[in-house]
1. In the range 6-54, how many residues are hydroxyl-bearing (Ser, Thr, Tyr), within 16 Å of Gly70 (Cα to Cα) and in contact (Cβ under 8 Å) with a residue 12 or more places away in the chain?
2. Of the conditions (1) surrounded by fewer than 18 Cβ atoms within 10 Å (Cβ to Cβ); (2) at pLDDT 95 or above; (3) within 17 Å of Ser55 (Cα to Cα); (4) of a type in the set (Lys, Arg), Arg18 satisfies every one except a single condition; which number is it?
3. Tell me, which residue of the range 21-43 that is β-branched (Val, Ile, Thr) and not in a helix (DSSP H, G or I) is surrounded by the fewest Cβ atoms within 10 Å (Cβ to Cβ)?
Amino acid sequence: MRGKVLYRKMGEKIYSARKKHKLTQEKLSEISDVDRTYISQIEKGHRNPSIEIVSKLSRALDLRVDDVIGNNKKKKRQKKK
């Protein structure tokens with residue numbers, strides 16, 4: 001169950017970045033060399049893409065890979081005692 005939530009969040013990040021750049025799935029497909037139908041499935045949270053696919057999409061969307069796959073919660077550094 002947890003994996004599905006992570007896939008959905010990753011898909012939402014890719015979708016948001018694609019919309020921010022005003023790209024269609026078709027155009028993102030051309031830029032990233034990832035099949036349009038696969039992009040659609042990723043955005044819906046139905047697929048768990050390989051790191052290679054995430055890397056291609058990240059480059060095309062001007063994102064860092066860890067922005068796409070991470071939870072992006074900033075952790076406060078603990079002071080050393």
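1. Matching residues across the range 6-54 total 2.
2. Against the list (1) surrounded by fewer than 18 Cβ atoms within 10 Å (Cβ to Cβ); (2) at pLDDT 95 or above; (3) within 17 Å of Ser55 (Cα to Cα); (4) of a type in the set (Lys, Arg), Arg18 comes up short only on (1).
3. Checking each candidate, the answer is Thr24.
The values are calculated or read from the model by the stated rules, or taken from the named source; none is laboratory data. Bear in mind the structure is a predicted one, so any value in this text is a computation, not a measurement. Glycine also receives a Cβ, built like all others from the backbone with ideal geometry; neighbour counts cover every protein chain displayed.
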